[in-house]
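The values are calculated or read from the model by the stated rules, or taken from the named source; none is laboratory data. Everything numeric here is computed off the predicted structure, so don't read it as measured data. Glycine also receives a Cβ, built like all others from the backbone with ideal geometry; neighbour counts cover every protein chain displayed. When the accessible area is computed, the model is the full protein with side chains, heavy atoms only, and any ligands, DNA or RNA have been set aside. Shrake-Rupley method; radii C 1.70, N 1.55, O 1.52, S 1.80 Å.
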Amino acid sequence: MILYLLRRLAVTALILLVICAATFAIFYLMPADPAQGACGKACSPERLAAIRATLGLDRSPIAQFGDYLGGILSGRTYGTGAQAVQCPFPCLGFSFQTDRPVWELLTSRLPVSVSIAVGAAVLWLAVGVAAGVVSALRHGSLWDRAAMTAALGGVSLPIYFTALVLQYLLVVELNVLPYPTAVPLTEDPAGWAESMAMPWITLAMLYAGVYARITRSEMLESLGQNYVRTARAKGLAEVTVVRRHALRPALMPIVTIFGMDLGALLGGALITESVFGLPGVGKLAADAIAGADQPVILGVTLFAASFVVLANLVVDLVYAVLDPRVRAVG
């Protein structure tokens, strides 16, 4: 198991390095000049040249990438002498709009994105898996048809449409929930749950439908296997047969997509956060794109990609626990 973990960690580090290089290359090839963005429209050529020297943009692309990677690993100093500015570890640059370190902006927005992602994930996982299991056990029944129809509807509706409809119904018409705001969990747990309820429901309506359909399909396949029929022939209770022999193999693909979905949402639910005006990482990305704030765009891209890669690492480890054959192959 230790060797398997070390191999996966080495692969993860290599993938993160490739992602870092790719995002930096995209940043470098963009037509907009970062120095011009930092200086503003009314900028003299002398001032522009000074900013390019401070940011290291007058160096070769390889040297710039080395500086950027070194900043992520150990911090970085922009400029020299009295004008030097220290960017602490891990340095992703400074925002052109706020002049704050990108890492500071990301970490200040992260609690909101984590609140949305984790809460919605618990909701959609519980509802989706439970609905899929019941539909498989009652295959062809009225419940099965109704649940799968509802799942198809949830998958088909765009997030922004669901968010606006829920906002109108639950806030304006019924007045049962407050408009979502960024309430810290440590200060007011009840207010935090109330303010996050609509984003959770919005995302859960989409993802729960996907999970219900996949769980139902995998459960139907598992229930038709010989080992399940053998377990029933031995006289095991139906609950034991379903839980131990049918559900466990059916959860393998669920673990995969759950890790991917949760990792992606931890990097920011851009549409959901933008519709509800919540100051998360996704809203930060939307504002940075609108303002052409290139360091923030680059930082958010690398930040979100890191969550997805790390989520895949966790999925691999969970796979190794659920199925020891994975360790042998890996």
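Let me spell it out: the conditions are (1) at pLDDT 90 or above; (2) under 18 Å from residue 103 (Cα atoms); (3) under 17 Å from the mean Cα position of the chain (by Cα), and residue 287 meets all of them except one. Which number is the exception?
Every condition holds for residue 287 apart from (3).
Going by the conditions given, is residue 86 in contact with a Ser or Thr (Cβ under 6 Å, 6 or more places away or on another chain) and of a type in the set (S, T, N, Q)?
Considered against the rule, which asks whether it is in contact with a Ser or Thr (Cβ under 6 Å, 6 or more places away or on another chain) and of a type in the set (S, T, N, Q), residue 86 comes out as yes.
Please tell me if residue 24 is part of a helix (DSSP H, G or I), within 19 Å of residue 267 (Cβ to Cβ) and of a type in the set (Phe, Trp, Tyr).
yes
Within the set of pairs 6+ apart or on separate chains, which have a first residue in the range 60-84 that is under 22 Å from residue 301 (Cα atoms), a second that is of a type in the set (Asp, Glu) and in a helix (DSSP H, G or I), and C-beta atoms under 9 Å apart?
76/67
Please enumerate the residues belonging to the range 66-76 that are surrounded by fewer than 17 Cβ atoms within 10 Å (Cβ to Cβ) and either assigned by the TED database to the domain that holds residue 193 or in contact with a helix residue (DSSP H, G or I) (Cβ under 9 Å, 6 or more places away or on another chain) (or both).
69
If you go through the range 148-200, how many residues are among the acidic types (Asp, Glu) and open to solvent by less than 50 Å² (accessible area, probe 1.4 Å)?
Residues meeting the conditions: 0.
Between 311, 320, which is in contact with a helix residue (DSSP H, G or I) (Cβ under 6 Å, 6 or more places away or on another chain), part of a helix (DSSP H, G or I) and modelled with pLDDT of 85 or more?
311
What do you reckon, is residue 113 of a type outside the set (Lys, Arg), open to solvent by less than 20 Å² (accessible area, probe 1.4 Å) and under 22 Å from the mean Cα position of the chain (by Cα)?
So residue 113 fits the description; yes.
Go over the candidates 235, 268 one by one and state the one that is farther than 30 Å from residue 199 by Cα, assigned by the TED database to the domain that holds residue 201 and of a type in the set (Gly, Ala, Ser). If you could, list the steps in order and put the result at the bottom.
Numbers: 268 fails: farther than 30 Å from residue 199 by Cα.
Matching residue, one of 235, 268: 235.
Conditions tested, residue by residue: (1) within 25 Å of the chain's Cα centre (by Cα); (2) at pLDDT 90 or above; (3) of a type outside the set (D, E, K, R).
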| site | (1), (2), (3) |
| --- | --- |
| 191 | yes, yes, yes |
| 195 | yes, yes, yes |
| 208 | yes, yes, yes |
| 214 | yes, yes, yes |
| 217 | no, yes, yes |
| 232 | no, no, no |
| 239 | no, no, yes |
| 243 | no, no, no |
| 247 | no, no, yes |
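Only one residue in 214, 257 is more than 22 Å from residue 139 (Cα to Cα) and either touching a residue at least 60 places away in the same chain (Cβ under 8 Å) or in the same structural domain as residue 147 (by the TED database) (or both). Which one? Break it down stepwise before answering.
Working: 214 fails: more than 22 Å from residue 139 (Cα to Cα).
Going through 214, 257 in turn, the sole match is 257.
How about the range 52-111: which of its residues are of a type in the set (Lys, Arg), part of a loop (DSSP other than H, G, I, E, B) and closer than 19 Å to residue 285 by Cα?
So in the range 52-111, the residues of a type in the set (Lys, Arg) come out as 52, 59, 76, 100, 109.
Add one more test, that the residue is part of a loop (DSSP other than H, G, I, E, B), and what stays is 59, 100.
Across the range 52-111, the qualifying residue is only 100.
I'm checking my understanding of the structure. Among residues of the range 283-293 that are crowded, with 20+ Cβ neighbours inside 10 Å and in contact with a helix residue (DSSP H, G or I) (Cβ under 6 Å, 6 or more places away or on another chain), which one is farthest from residue 114 (Cα to Cα)?
288
Can you pull out every residue in the range 222-237 that is under 21 Å from residue 212 (Cβ atoms) and surrounded by fewer than 13 Cβ atoms within 10 Å (Cβ to Cβ)?
224
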